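> One structure is given below, represented as structure tokens, and several questions about it will come after.
The values are calculated or read from the model by the stated rules, or taken from the named source; none is laboratory data. Note that the structure is a prediction, hence the values are computed from the model and not measured. Cβ placement follows ideal geometry from the backbone for every residue including glycine, while neighbour counts extend to all protein chains displayed. The accessibility values were calculated without ligands, DNA or RNA, using every heavy atom of the protein model including side chains. Shrake-Rupley method; radii C 1.70, N 1.55, O 1.52, S 1.80 Å.
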Amino acid sequence: MKPVFKLALSGVLVASLAACSSADKRRQASDDFEYLNTQPMSQWQLLPDQEPEFSGAYRIPDRDFDGPVGRNIDIRPPQQILELIPGARYEQDAEGVTVWMPRAEQAEHLWQSIEDMTAGPQVPVRHASAGSIETDWVVWSIEDDEEVIESRYLLTQRQERSREGFRIEMVEWKRNGQAENLSLASRSRYNAQMTNLIASRYDEELREEARLKAQELVKNIPISLGKDRSGLPVIIARAPYDVFWERFPNILDQLGFTIEDRNRSQGTLSVALKEQDDEFWENLGVQPLQLERKNYNILLGDLGNRTSINVTDSSGKPVPEEQLANLSPALVAAVERLNRN
């Protein structure tokens, strides 16, 4: 069978499976619903002269329960609130979500982000006053919902016992243009959805501020060879970790490194080194790198107002001190070239 025909056949099979998996079926249990036809429980019959003994461990409360059954049960896991705001605390209840910020200036910054977001078309506003915003209809486009879901929210600033933040509460809900009574599960899902939308906007603004700050601070980053706490050789960049991380990929690019993988929280970068000719290093004004292998791992360490740079080969073995000493001036030259561009 030719590869083209294999690819076409695979595409048909995937399309067929996707067609069979509608949003409704993804929200429902896959087994049958015969349990709905279960006969009502009968009274327990005791033997003559038998003393009844009952445990309360499995006692079901004697009252009426109101909720979906059978195919109407939504088996999707609850929408998780993404903790994108550093240091924030989230309190979720039946009516909405409250986000408490660690400092007053951060709460003010977050509320400014909300006001900027509601000034755009994504979250229209019906009414706004000092410390309160009532949105118009927000249209959600979510993979598991084939219907058109719309909801309105009340966003308010909160202050309580030296804590500051904001609260989100859904006030109206529509499915396919028709107003519906909102279930507790749906209210929780779309309150969390709005919380994540705001948190993502705030996180995006913080990253942009860090990037701009890095562009300014990277112009004066002294880089030199030093020693770590155990006395081993290490390259030291005199810039905070967050600042240096933002610009380090551009610095490596100036030396012919290609980043294949990176993890900011762990401070690791997997890189491949492209061999350069003598003219490249002459233009940079440094000696050619003495790195012999193609693939390396770089580990950045947070030292407060400084950042350590460790380099190991693909097997995890640290590169020799003379190779680090050769790399250090090359990094300095790369920073200077970036400043000139």
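> Between Glu292 and Arg238, what is the spin-label point distance in nm, taking each point 7 Å from the Cα along the Cα→C-beta axis?
In this crude spin-label approximation the distance works out to 3.4 nm.
> Along each of its three principal axes, how wide is the spread of alpha-carbon positions in the chain, in whole angstrom units, largest first?
Here the spans come out as 97, 66, 55 Å, largest first.
> Assign unit charges at the C-beta atoms only (+1 for Lys and Arg, -1 for Asp and Glu), then state the dipole size of the range 121-266 relative to its Cα centre in Debye, rounded to the nearest 20. Numbers along the way, then the final one.
On the way: 21 positive and 25 negative charges, 169 e Å.
Computed charge dipole of the range 121-266: roughly 820 debye.
> With all protein chains present, how much of the accessible area of the chain (probe radius 1.4 Å) comes from carbon and sulfur, to the nearest whole percent?
Carbon and sulfur atoms account for 49 percent of the accessible area of the chain.
> What are the extents of the Cα atoms of the range 98-151 along their three principal axes, in Å, largest first?
So the extents along the principal axes, rounded to whole Å, are 41, 24, 17.
> Using Cα atoms only, what is the angle between the long axis of helix 241-254 and the major principal axis of the chain, expressed in degrees (0 to 90) to the nearest 10?
The angle comes out at about 60 degrees.
> How big is D for the range 147-187, in µm² s⁻¹ as a whole number, if Stokes-Einstein is applied with the Kirkwood radius of its Cα pairs at 37 °C and 0.692 mPa s? Present the calculation step by step, with values, prior to reporting the outcome.
On the way: Rh = 11.9 Å.
This corresponds to a translational diffusion coefficient of 276 µm²/s.
> Nearest 500 deg cm²/dmol is fine: what mean residue ellipticity at 222 nm does the chain get from its DSSP H runs of n ≥ 4 alone, each adding -39,500 (n - 2.57), divided by its residue count?
Mean residue ellipticity, 222 nm, calculated: -11000 deg cm²/dmol.
> Using each residue's phi in the range 47-53, evaluate 6.51 cos²θ - 1.76 cosθ + 1.60 at θ = phi - 60° and report the 3J(HN,Hα) Karplus result to the nearest Hz, with x for Gly and Pro.
With the stated coefficients, the range 47-53 comes to 6, x, 6, 8, 8, x, 10 Hz.
> Which of the trypsin sites (Lys or Arg not before Pro) found in the range 183-273 are loop residues per DSSP with 10 or fewer other Cβ atoms within 10 Å of their Cβ? Kindly include the intermediate steps, with their values, before the conclusion.
Details: sites: Arg187, Arg189, Arg201, Arg207, Arg211, Lys213, Lys219, Lys227, Arg229, Arg238, Arg247, Arg262, Arg264; in loops: Arg229, Arg238, Arg264.
Loop-located and lightly packed - Arg229.
> Using 0.36 nm per residue of separation minus the Cα-Cα distance, give me the extension gain between Asp278 and Tyr35 in nm, one decimal.
Contour length minus Cα-Cα distance gives 79.7 nm.
> Could you give me the ³J(HN,Hα) list for the range 89-96, computed from phi with Karplus coefficients 6.51, -1.76, 1.60 and θ = phi - 60°, whole Hz, x at Gly and Pro?
10, 10, 10, 10, 10, 5, 9, x
> So if R0 is 51 Å, what FRET efficiency would Leu47 and Leu84 give, r being the distance between their Cβ atoms, rounded to the nearest 0.05?
On the way: r = 63 Å, r/R0 = 1.23.
For R0 = 51 Å, the calculated efficiency reads 0.20.
> Here is a further query. Spelling out what I want: for every residue of the range 304-310, take phi, set θ = phi - 60°, compute 6.51 cos²θ - 1.76 cosθ + 1.60 (Karplus), and round to whole Hz; glycine and proline get x.
Whole-Hz 3J(HN,Hα) from phi for the range 304-310: x, 8, 10, 9, 8, 10, 10.
> Label points 7 Å out from Cα along the Cβ direction at Glu336 and Lys227: separation in nm?
The answer from the label model is 2.8 nm.
> Working from Cα positions, state the angle (0 to 90°, nearest 10) between the long axis of helix 184-217 and the longest principal axis of the chain.
Tilt relative to the chain: about 10 degrees.
> Note down the Stokes-Einstein diffusion coefficient of the range 56-208 in µm²/s, whole number, using a Kirkwood radius over alpha carbon pairs, 10 °C, and 1.306 mPa s.
The calculation lands on 94 µm²/s.
> Relative to the present Cα-Cα distance, how much length would full extension add between Glu95 and His109 at 0.36 nm per residue of separation?
Computed gain between Glu95 and His109 is 2.6 nm.
> Under unit Cβ charges (Lys, Arg +1; Asp, Glu -1), what dipole magnitude, rounded to 20 debye, does the range 83-133 have relative to its Cα centre?
80
> While we're here: List the aspartates and glutamates whose alpha-carbon lies under 16 Å from that of Lys317, not counting same-chain residues fewer than 8 positions away?
Glu292
> How large is the convex hull of the Cα atoms of the range 46-125 per residue, expressed in Å³ as a whole number?
Spread over its residues, the Cα hull of the range 46-125 gives 228 Å³ apiece.
> Okay, moving on. If every alpha-carbon in the range 188-341 counts as one equal scatterer, what log10 I(q)/I(0) does Debye give at q = 0.10, 0.12, 0.16 1/Å?
With one equal scatterer per Cα and no solvent, log10 I(q)/I(0) is -0.40, -0.55, -0.90.
> Decide, for the range 170-279, between rounded, prolate and oblate: order the square roots of the alpha carbon gyration tensor eigenvalues as a ≥ b ≥ c, take rounded if a/c falls under 1.5, and otherwise choose prolate if a/b is larger than b/c, else oblate.
Judged from the Cα gyration tensor, the range 170-279 comes out prolate (a/c at least 1.5, a/b above b/c).
> Which trypsin sites (Lys or Arg not before Pro) from the range 85-177 combine a DSSP loop assignment with at most 16 other Cβ atoms within 10 Å?
Arg103, Arg161
> Just grab the label-to-label distance for Asp261 and Trp140, each label 7 Å out from Cα along the Cβ direction, in nm (one decimal).
Spacing of the two 7 Å Cα→Cβ label points: 3.5 nm.
> In terms of modelled amide H atoms, which long-range or inter-chain residues lie less than 5 Å from the amide H of Glu95?
none
> Let me ask something additional. Multiply the residue separation of Ala57 and Asp203 by 0.36 nm, subtract the distance between their alpha-carbon atoms, and state the gained length in nm to one decimal.
Gain on stretching Ala57 to Asp203: 47.9 nm.
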